1. With +1 assigned to the C-beta of every Lys and Arg and -1 to the C-beta of every Asp and Glu, and no other charges, what is the dipole magnitude of the chain about the Cα centre in debye, to the nearest 20?
2. In the chain, which helices (entire DSSP H runs) extend 20 Å or more along their own long axis, judged by Cα positions, while averaging at least -0.5 on the Kyte-Doolittle scale?
3. If you roll a 1.4 Å probe over the chain with all protein chains in place, what percent of the accessible area is carbon or sulfur?
4. Using only C-alpha atoms and all pairs of different ones, pull out the Kirkwood radius for the chain in Å with one decimal.
5. Between residue 3 and residue 90, what FRET efficiency comes out of the Förster formula 1/(1 + (r/R0)^6) with R0 = 22 Å and r the beta carbon distance, rounded to 0.05?
6. Would you mind getting the accessible area per residue of the stretch 1-101, heavy atoms of the protein chains only, 1.4 Å probe, in Å²?
7. Calculate the tail of P(r) for the stretch 1-50: the fraction of all Cα-Cα distances greater than 18 Å, expressed in %.
8. Find the percent of Cα-Cα distances in the stretch 27-92 that exceed 18 Å, and round it to a whole number.
Amino acid sequence: MYRFSRAIYRELAGEITEDPHGFGALTNHERVLRACESAIERLATDRHYFARPARTLFCDIRPYFPMGAQPRVLRVIERYLECADEFLRRQPQNGFDVYGNPLQCRATTRKGSPCQRMPLPDKGYCPSHQHLAETEQLEPLAA
Ligand SMILES: [Zn+2]
């Protein structure tokens, strides 16, 4: 998965500003790379709760770019996150995410423990809990 975050970073690295009086252990280059990595990781492992990945990553890293470069930064982010998302959606649904962690239904059982059943590909819920996905989809409209 990190080829996506590295690709974003490589496209943008030339425009990152370094603060000559910067403090802290990390340079702005490292901050940008880490933000890209965590966005991709979240896309891969927590897609259902990651509503606007491109916008989130853009807000995280925009302070490290000059104003004039920001429209391009957003375009690059959108392009690569779309590719990563597309790639993830095409992965065979074999019960594991791209990191090899077993997929689990997102619902909680009546006893309060996480549901152990295998989720449906698009919903993130098992067949008996899939109605929960439908209520989730309605929420943004109500908001
Ligand atoms: Zn379930």
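The values are calculated or read from the model by the stated rules, or taken from the named source; none is laboratory data. Predicted, not measured: the structure shown is a model, and the values here were computed from it. Because the Cβ atoms are built from the backbone with ideal geometry, glycine has one as well, and the counts that use them run over all protein chains shown. Keep in mind that these areas ignore ligands, DNA and RNA; they rest on the heavy atoms of the full protein, side chains included. Shrake-Rupley method; radii C 1.70, N 1.55, O 1.52, S 1.80 Å.
1. Charge dipole of the chain: 340 debye, to the nearest 20.
2. Correct list, ordered by number: 28-45.
3. Of the solvent-accessible surface of the chain, carbon and sulfur hold 54 percent.
4. The answer is 17.0 Å.
5. 0.90
6. With the other protein chains kept in place, the stretch 1-101 gives 61 Å² per residue.
7. On the way: 470 of 1225 pairs.
Within the stretch 1-50, distances greater than 18 Å cover 38 percent of Cα pairs.
8. Counting every Cα pair in the stretch 27-92, those more than 18 Å apart make up 35 percent.
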